[in-house]
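To keep things clear, I will list the structure first and then write my remarks on it.
Just so it is clear, none of the values below were taken in a lab; they were calculated from the coordinates. All values reported here derive from a predicted model rather than from experimental measurement. Ideal geometry is used to build each Cβ from the backbone, glycine not excepted, and the neighbour counts take in all protein chains shown.
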Amino acid sequence: MAAISWPSEGPPLIAVVGPTGTGKSDLALALAEALDGEVINGDALQFYRGMDIGTAKMSVAERRGIPHHLLDIMDISGEASVARFQADARAAFDDVAARGKVPILAGGSGLYVRAAVDAIEFPGTDPAVRARLENELAEQGSGALLGRLSDVDPQSAARVKDDRRLVRALEVYEVTGRPFTSFMPHREYVRPTVQFGLDMEREVLNERLAQRIDRMLEAGWLDEVRSLEKRGLRGSPTAGKALGYPQLLDVLAGERTLEDAREDTVVATRRFTKRQRTWFHADPRVQWLDAGHPGGVDALARDAVTKIEAA
């Protein structure tokens, strides 16, 4: 592909999004090769060291020498944070761009991607305030706290659906002096960005997902879970709840068969892709590409580059 003449402010951030199993990592890699770019991971579960097979993480060899950022940055005992990812991802974008490369964000974790590309502000936390509010909740009940929230932030009070969100909304108001609703995001890029979405016909993707889960199991996914269990996977607040991992932990505990775990994982993954579709299709800025293109990833990359040139 011919080199693109970028505007004076430099190349845009390229984001590759969409449901699980559509080939985002492959397209991001192809675009990095075509555009002289580097890939920034936007899949929250690929942050974790050792969670390789079950998250479809590209091996070092599969990356073909293209630098990948924000992979394997956490132990499984850690809890992923959207606010921390926002800061880390934006630092990676700046670093890649400063070296004259094109930053390419790839992932299907909708809120994480949105936090990285859009003007979203995350209110701080105060453990002491939260602990006090939780004690008040236990002593007074949710009705009393909901009444207080209605006085200072009626919009949030109308939206809260559980005690956790109730406490969080009150904490934010006490810590910042602003209603929680004032932190709601807007679709406003923090830097020039072009988003590509990958999707395909639902039934085709469903079959593709089932086949991918079978390949993961054949590649030793159960052994991966057995190894991670020794490192605390079962008690992990985030990693232990990743698609397929709780099901396989049940197999190791003798609580279900491998076939049952496989079927449950297929169903859970299909449900997850449905939520991803809803999230990403709600963003009118995403330019959609057919992940089932007969020309494969190279044709998709050519289509994407053409759209970037026209942007």
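Summary of values
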quantity: Segment 166-201 versus segment 31-57: alpha-carbon centroid distance in Å; calculated: 24 Å
quantity: Where labels lie 7 Å past Cα in the beta-carbon direction, separation of R202 and T306 in nm; calculated: 2.9 nm
quantity: Amide H within-cut-off set for Q195, under 5 Å, with H built and near neighbours excluded; calculated: A15, Q287
quantity: For K241, K57, order by how many other beta-carbon atoms lie within 10 Å, fewest first; calculated: K241, K57
quantity: Value at 222 nm in deg cm²/dmol, rounded to 500, when DSSP H runs of n ≥ 4 in the chain each add -39,500 (n - 2.57); calculated: -16000 deg cm²/dmol
quantity: Cross-link pairs K57/K241; K101/K274; K241/K307 - those with Cα-Cα distance over 28 Å; calculated: K101/K274; K241/K307
quantity: Segment 112-120 - phi-based ³J(HN,Hα) in whole Hz, Karplus 6.51/-1.76/1.60, Gly and Pro as x; calculated: 5, 4, 4, 5, 6, 9, 10, 6, 10
quantity: Calculated from backbone phi, Karplus (6.51, -1.76, 1.60) coupling profile of segment 234-243 in Hz, x at Gly/Pro; calculated: 4, x, 6, x, 10, 4, x, 9, 5, 3
quantity: Sorted by Cβ density within 10 Å, fewest first, the residues S5, S156, S150; calculated: S5, S150, S156
quantity: Assigned charges on the beta-carbon of Lys, Arg, Asp, Glu; segment 15-90 dipole about Cα centre (debye); calculated: 80 debye
quantity: I66 long-range amide H proximity, modeled H, under 5 Å; calculated: none
quantity: Lys/Arg +1, Asp/Glu -1 at C-beta; the chain dipole; positive extreme among V190, G10, A239; calculated: V190
quantity: Size of charge dipole - segment 127-183 - debye, nearest 20, with Cβ of Lys, Arg +1 and Asp, Glu -1, no other charges; calculated: 220 debye
quantity: Magnitude of the charge dipole, the chain, Cβ model with Lys/Arg +1 and Asp/Glu -1, debye to 20; calculated: 260 debye
